[in-house]
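The values are calculated or read from the model by the stated rules, or taken from the named source; none is laboratory data. Because the structure is a prediction, the values reported are computed rather than measured. Heads up, the Cβs are rebuilt from the backbone with ideal geometry, glycines too, and the neighbour counts pull from every protein chain shown. Just so you know, the surface numbers come from the protein's heavy atoms only, side chains and all, with ligands and any DNA or RNA stripped out. Shrake-Rupley method; radii C 1.70, N 1.55, O 1.52, S 1.80 Å.
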Amino acid sequence: MLTVGLTGGIGAGKSEVSRLLVEHGAVLIDADRIAREVVAPGTPGLAAVVDAFGPDILAADGGLDRPRLGSIVFADPEKLAVLNSIVHPLVRDRSRELESAVPEDAVVVHDVPLLTENGLAPLYDVVIVVDASPRTQLDRLVRLRGMTEEDARARMAAQATREQRREIADVVIDNDVPLDALRERVAEVWDDLARRARQGSAGAE
């Protein structure tokens, strides 16, 4: 098994890269998706978040009001740290559970937005960073996700810098390019990952 940590700044296009890797045959473990699961209604995770931030962060249906919680934690590093201390251990345990169920020769891609910030690079065989300029990130967040520029800048500022992400990268995928060029780059990266996974599997036999 080859474990890959995939990360990138918000709006860099990491989700598109993960989708393309899955098309090639990767097994995706999406930390964002798991983070939603572990704070779903009725979970101990949601109860812990409500204890920390109060019932006002709940929506009318009893679920988490993500925009409201986001506006609180992304403007206050201490509150963000509190939220992370609740959610991250739950995500880590669930990710390990999912990884244990995949075939031995698989390429397992962990899509982890805060991989750099949380010092998780050593956990993976390969770290891939999807890179885009801050201007591109801001444009995508405002134009495609409907964020205000102020909210988008706050979320970008709460993450690692572009330079910090590139420092921990084994592979950098430039996503300031047209989709066809991105597809070609991901295909090259996949060929290398698949080769390494085969070698690792053969060595374990």
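Table for the structure above
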| quantity | calculated |
| --- | --- |
| Matching residues in the stretch 3-25 - criterion: being open to solvent by 10 Å² or more (accessible area, probe 1.4 Å) and over 23 Å from Arg143 (Cα atoms) | Thr3, Val22, Glu23, His24, Gly25 |
| Top-ranked residue of the stretch 100-128 - restricted to ones that are at pLDDT 90 or above and touching a His at 6+ places or on another chain (Cβ under 9 Å), ranked as farthest from Gly13 (Cα to Cα) | Leu123 |
| Single condition Gly11 does not satisfy, out of (1) more than 25 Å from Thr116 (Cβ to Cβ); (2) not basic (Lys, Arg); (3) not in a helix (DSSP H, G or I) | (1) |
| Contacts under 8 angstrom Cβ, first residue in the stretch 156-180 being without any contact (Cβ under 8 Å) to a residue 40 or more places away in the chain, partner of a type in the set (Lys, Arg) and open to solvent by 50 Å² or more (accessible area, probe 1.4 Å), 6 or more apart | Val177/Arg185 |
| Helices (runs of 4 or more DSSP H) wholly inside the stretch 19-73 that include at least 3 residues being touching a Ser or Thr at 6+ places or on another chain (Cβ under 9 Å) and touching a residue at least 24 places away in the same chain (Cβ under 8 Å) | 31-37 |
| Every residue from the stretch 46-86 that is open to solvent by 70 Å² or more (accessible area, probe 1.4 Å) and touching a Lys or Arg at 6+ places or on another chain (Cβ under 8 Å) | Asp56 |
| Hey, Leu28 open to solvent by 30 Å² or more (accessible area, probe 1.4 Å) and either within 19 Å of the chain's Cα centre (by Cα) or closer than 25 Å to Val107 by Cβ (or both) or not | yes |
